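Below: the structure, in structure tokens.
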């Protein structure tokens, strides 16, 4: 039974690693997009004006009034627009909506590493504090080693507690 549990654990670890690698690969396409600045009046307005298209024309293509088309532009600027609406506007402008997320840490793997290290530090330093109170403190080297060991374990097992 113990061998079976170990096998299941190893399979899950490998599955997590593969899922992270695959997602990182997909998100790479968005890496440069993090530097793109949204125009002050929004993409829809900027594209419409660049194409010399009126609100009447945009509204007509969308099957709505010019006032409703203006409302779409305003909702984009206020970030209250739906993905469905953005996709529809893109369609009538002969464009494709592309959206995604760019990890602030540059990859999902690095995000998991940072979260695991933060949690490991918190756990190890809390334990270290308690041991200090009992006059059983560890050396700085041992604390760093414990943080590193726990970081690797948390990262490998992808504990749900990383996200608390």
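Starting from the Kirkwood radius over alpha-carbon pairs of the stretch 37-92, derive D by Stokes-Einstein at 10 °C in a medium of 1.306 mPa s and give it in µm² s⁻¹.
Values: Rh = 11.1 Å.
Rounded to a whole number, D works out at 143 µm²/s.
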query = Per residue, what volume in Å³ does the convex hull of the Cα atoms of the chain enclose?
reply = 189
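Report, in deg cm²/dmol and to the nearest 500, the calculated mean residue ellipticity at 222 nm for the chain, where each DSSP H run with n ≥ 4 adds -39500 (n - 2.57) and the sum is divided by the residue count.
When only DSSP H runs of four or more count, the value is -21500 deg cm²/dmol.
In percent, how large is the relative contact order of the stretch 37-92, given Cα pairs closer than 8 Å and 6 or more residues apart?
Numbers: 39 pairs, mean separation 18.9, N = 56.
Across the stretch 37-92, relative contact order equals 34 percent.
Could you compute the FRET efficiency for residue 159 and residue 28, with r as their C-beta to C-beta distance and R0 at 30 Å, rounded to 0.05?
Numbers: r = 26 Å, r/R0 = 0.86.
About 0.70, to the nearest 0.05.
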remark   = Mean Cβ-within-10 Å packing, highest first, puts peptides 66-74, 96-104 in the order 66-74, 96-104
query = Relative contact order for the chain: what is it in percent, counting Cα pairs under 8 Å that are at least 6 residues apart?
reply = 25
query = To the nearest 10 degrees, how steep is helix 66-77 against the longest Cα principal axis of the chain, on a 0 to 90 scale?
reply = 20
note = Rounded to one decimal in nm, the spacing of the 7 Å Cα→Cβ label points at residue 47 and residue 96 is 1.3
inquiry  = Using the basic label-point model (7 angstrom from Cα toward the beta carbon), what is the residue 118 to residue 38 distance in nanometres?
reply    = 2.4
remark   = Between residue 83 and residue 56, Cβ-based FRET efficiency (R0 22 Å, step 0.05) works out to 0.30
ask   = Roughly how tilted is helix 2-27, in degrees to the nearest 10 and between 0 and 90, from the longest Cα axis of the chain?
value = 30
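Any read-out appearing in this document is the output of simple, stated calculations on the displayed coordinates, not a laboratory observation. Note that the structure is a prediction, hence the values are computed from the model and not measured. No Cβ is skipped: glycine too gets one built from the backbone with ideal geometry, and neighbour counts run over all protein chains shown.
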